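Trainee: I am attaching a structure below and will ask some questions about it afterwards.
The values are calculated or read from the model by the stated rules, or taken from the named source; none is laboratory data. A quick note: this is a predicted structure, and the numbers were derived from the prediction, not measured. Backbone-built Cβ (ideal geometry, glycine too); neighbour counts: all protein chains shown. All accessible areas refer to the heavy atoms of the entire protein, side chains included, with ligands and DNA or RNA removed. Shrake-Rupley method; radii C 1.70, N 1.55, O 1.52, S 1.80 Å.
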Amino acid sequence: MNHFQGSHILSVNQLDLDAIQTIFSVAQKMTPYALREKRTKVLDGAILGNLFFEPSTRTRVSFGCAFNLLGGRVAETVGMASSSLSKGESLYDTARVLSSYSDVIAMRHPESYSVREFAEGSRVPVINGGDGANEHPTQALLDLFTIQKELHSKGLGIDGMHIAMVGDLKYGRTVHSLSRLLCMYKNISFTLISPAELAMPDYVIADIENAGHKITITDQLEGNLDQADILYLTRIQEERFPSQEEADKYRGKFRLNSAIYTKNCKSNTVIMHPLPRDSRLQANELDNDLNNHPNLAIFRQADNGLLIRMALFALTLGVDNQLEKYECPVNWYSRKADR
């Protein structure tokens, strides 16, 4: 039975290990469609309301492309100013109206818990694409999916791994959600590296400790990466700071380049980043000189996001077992299929 059908996906707290493995199993089935080896029209006629009231490139386009690859159509709203929310309309009223135009809604909003409030008025499933500094459940799922695949390729598993999270851990909603998912596993070591002012929130640390995992908290990059299997970097979330001046205090505080990686990390440490990475000279938290490094997983990570979001659409709309029934050939040349 598909327990996801008709359900909102608002928080990683809704999930258990069985649910996660169901999502990952369906995501794996999406690979040939994402690679354009074949296509499916299983959602032909369905409409996604893609509502992004905060700037986004990868997540917004990933949601839209995921729906398109299943044969559906996308109706998009971008920016607060272009919506009736700027006229004082409530999230509830917006949800009541827009859900009548859509079969499923993906939503990002700058305020914490706003997507949950929106979902209370929606008549169709709502998937949280990020709500302020609170959560980003689909990013956490694609991160966990990436970690599982990357470690498996090295003969390792999530249980017993060591992960170092670096950068803005206070406002970085991706690390909040990922940490909660990792709490379901066993014997994980966390090294949390950030300025004291940008430390992981106490409630996340409490969740990790209550799950029985080991935590090291430090503000020093050097000397704290040598045991990491996964190195997860984040950018300074300048849009969440009270002022640009406050954000600028921390920009460029932690940087990773090829020399620093070679000096401080194991030879097989996987490098992850939720993107976008800030490549401006004053920040440059993840240097371009690592672009061709075999352990740089950031682009594989982004590719996995497409698979995860396709899986969530298929599960919430109840078509996860109908993909092959609606398959058809790819008629155009695609370099993806040659990989």
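Trainee: Using a 1.4 Å probe over the heavy atoms of the protein chains, calculate the carbon and sulfur portion of the accessible area of the chain as a whole percent.
Mentor: 47
Trainee: Over the chain, with the other protein chains present, what is the accessible area per residue in square angstrom, probe 1.4 angstrom?
Mentor: Accessible surface, normalised per residue, equals 45 Å².
Trainee: Report, in listed order, any pair from Lys41/Lys325; Lys29/Lys154; Lys266/Lys336 with a Cα-Cα distance greater than 20 Å.
Mentor: Lys29/Lys154; Lys266/Lys336
Trainee: Also, quick follow-up: Given the peptides 46-52, 148-154, arrange them by the average over their residues of other C-beta atoms within 10 Å, most packed first.
Mentor: Those peptides, ordered most packed to least, come out 46-52, 148-154.
Trainee: Based solely on its DSSP helices, what 222 nm [θ] is calculated for the chain when runs of n ≥ 4 H residues each add -39,500 (n - 2.57) and the sum is averaged over all residues, nearest 500 deg cm²/dmol?
Mentor: -9500 deg cm²/dmol
Trainee: Residues with beta-carbon under 15 Å from that of Ser267, excluding Ser267: net charge, scoring Lys, Arg +1 and Asp, Glu -1?
Mentor: 0
Trainee: Could you tell me the distance between the Cα centroids of segment 131-159 and segment 1-44, to the nearest Å?
Mentor: Here the two parts' Cα centres lie 15 Å apart.
Trainee: Additional query: Using amide H atoms built 1.01 Å from N in the peptide plane, name the residues 5+ places from Ile215, or on other chains, whose amide H lies under 5 Å from its own.
Mentor: Phe190
Trainee: Express as a percent, rounded to the nearest 5, the fraction of DSSP beta bridges in the chain (both residues included) that run antiparallel.
Mentor: Details: 3 of 38 bridges.
Restricted to the chain, the bridges split so that about 10 percent are antiparallel.
Trainee: If contacts are Cα pairs under 8 angstrom and at least 6 residues apart, what is the relative contact order of segment 182-221 in percent?
Mentor: Computed value for segment 182-221: 56 percent relative contact order.
Trainee: By the gyration tensor of its Cα atoms, with a ≥ b ≥ c the square roots of the eigenvalues, what is the shape of segment 26-160: rounded for a/c under 1.5, prolate for a/b over b/c, or oblate?
Mentor: It comes out oblate by the Cα gyration axes.
Trainee: Just subtract the alpha-carbon distance of Glu327 and Lys149 from 0.36 nm times their residue separation and send over the number in nm, one decimal.
Mentor: Extra length available between Glu327 and Lys149 comes to 61.4 nm.
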